[in-house]
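Here is the structure we will look at.
The values are calculated or read from the model by the stated rules, or taken from the named source; none is laboratory data. Predicted, not measured: the structure shown is a model, and the values here were computed from it. Using ideal geometry, Cβ is built from the backbone for each residue, glycine included, and neighbour counts are taken over all protein chains shown. Surface accessibility is based on the protein's heavy atoms, side chains included, excluding ligands, DNA and RNA. Shrake-Rupley method; radii C 1.70, N 1.55, O 1.52, S 1.80 Å.
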Amino acid sequence: MTDINFDGRVAIVTGAGGGLGRTYALDLAARGAQVVVNDLGGSVDGKGGSDAAAQKVVDEIKAKGGEAVASYDSVSTPEGGASIVKTAVDAFGKVDVVINNAGILRDKSFLKLEWPDLDAVLDVHLKGAFYVSQPAFAVMKENGYGRFVFTASNATFGNFGQTNYSAAKMGLIGLSNTIAVEGARAGILSNVIMPVAKTRMTEELLGAFADVLDPEFVTPMVTYLSSEACTTTHGAYSAAGGRYAKVFTGLAPGWFAGKDASVVAEDVAAHIAEIEKEDGYIVPQSTTDEIMALAGLFN
Ligand SMILES: NC(=O)c1ccc[n+]([C@@H]2O[C@H](COP(=O)([O-])OP(=O)(O)OC[C@H]3O[C@@H](n4cnc5c(N)ncnc54)[C@H](O)[C@@H]3O)[C@@H](O)[C@H]2O)c1
């Protein structure tokens with residue numbers, strides 16, 4: 001078994017003052033990483049704030065002989081993101097790993113959704129990941145090494161009352177895929193975790209089932225994706241209760257009308273079963289893969 005350690009590596013974990021982020025920060029620190037424990041310390045719906053959450057995890061890491069500094073900035077502004085990365089560079093000289101984990105919920109059925117609840121969720125999950133990752137990417141590119149983990153959710157499959165959250169989480173998959181493409185030549189890998197775990201965010205939603213979904217089951221996948229041992233990029237992985245599985249967007253062969261065909265809606269209706277067929281799909285690793293597949297039809 002490969003021994004995974006983070007000696008000489010610097011990691012930022014956002015939203016690491018509790019829940020899943022705390023377990024990531026503790027595991028990376030136990031494996032030798034110098035960790036920036038970022039957390040705004042607010043409520044599940046993103047209100048309020050306190051230094052206590054991040055500081056407590058830093059204290060926990062230090063008590064076990066690890067190295068960590070606290071960051072109390074919000075990921076949801078460009079200044080906050082820049083400051084989180086600056087904290088890592090000032091304290092430890094660089095950034096090797098960013099785990100974008102900070103998150104909030106403002107669940108409402110679609111017609112009841114109010115714009116402040118859309119803005120708050122997009123700002124923390126989606127824009128926050130941009131604000132932290134862009135300055136970190138600059139440092140990683142300079143050093144020729146980096147690991148990003150973005151946090152999506154099974155809400156991307158569709159979940160009642162989570163239009164804002166599922167849209168933000170789906171956006172993170174696109175962000176990670178493009179960072180994977182842009183980072184490839186600089187030794188930067190980017191992947192997505194889709195956790196299911198008992199935390200303050202989910203224990204009411206999951207009910208009794210929550211008890212088998214310890215956050216500690218998600219941590220090994222995130223630690224792997226954050227490590228030098230990681231061989232994958234452009235991926236998304238569900239991790240829950242000891243089950244780890246790839247989640248992907250596939251492109252099926254579909255129906256091709258022919259080179260010089262003219263197509264009307266009735267033709268689509270007539271071929272919908274063929275268009276819907278999922279057999280023989282590819283998993284495009286970039287836009288180019290779809291263009292190449294299309295070009296093949298016209299040869
Ligand atoms: N628990 C699950 O089953 C589950 C499922 C899918 C996705 N997720 C995602 O996993 C991540 C972690 O969630 P969790 O379940 O551990 O919940 P959690 O509420 O315990 O953790 C989220 C943390 O993010 C922090 N945070 C919120 N806004 C912030 C901001 N602007 N800046 C910095 N920190 C901020 C919070 O203070 C909190 O400590 C979230 O992105 C969540 O959407 C969790």
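Annotations for the structure displayed:
- Of GLY183, GLY250, GLY18, the one that fluctuates the most in a GNM where the chain has Cα springs shorter than 10 Å: GLY250
- Taking all protein chains as shown and a probe of 1.4 angstrom, PHE248 keeps an accessible surface of around 100 Å².
- Surface accessible to a 1.4 Å probe, per residue, for the residues of segment 10-246, Å²: 43
- Antiparallel DSSP beta bridges within segment 10-246, as percent of all bridges there, nearest 5: 10
- Sulfur and carbon atoms: percent of accessible area, the chain [1.4 Å]: 56
- Bridgeable aspartates and glutamates around LYS169 (alpha carbons under 12 Å apart, same-chain partners fewer than 8 residues away excluded): ASP123.
- Computed over protein heavy atoms with a 1.4 angstrom probe, the accessible surface ordering of HIS234, HIS125, largest first, is HIS234, HIS125.
- Radius 9 Å from Cβ of VAL57, net charge of other residues (Lys, Arg +1; Asp, Glu -1): -1
- The residues of segment 250-299 have, on average, 77 Å² of accessible surface per residue, using a 1.4 Å probe with all protein chains present.
- Dipole in debye (nearest 20) - segment 10-246, about Cα centre, beta carbon charges: Lys, Arg +1; Asp, Glu -1: 440
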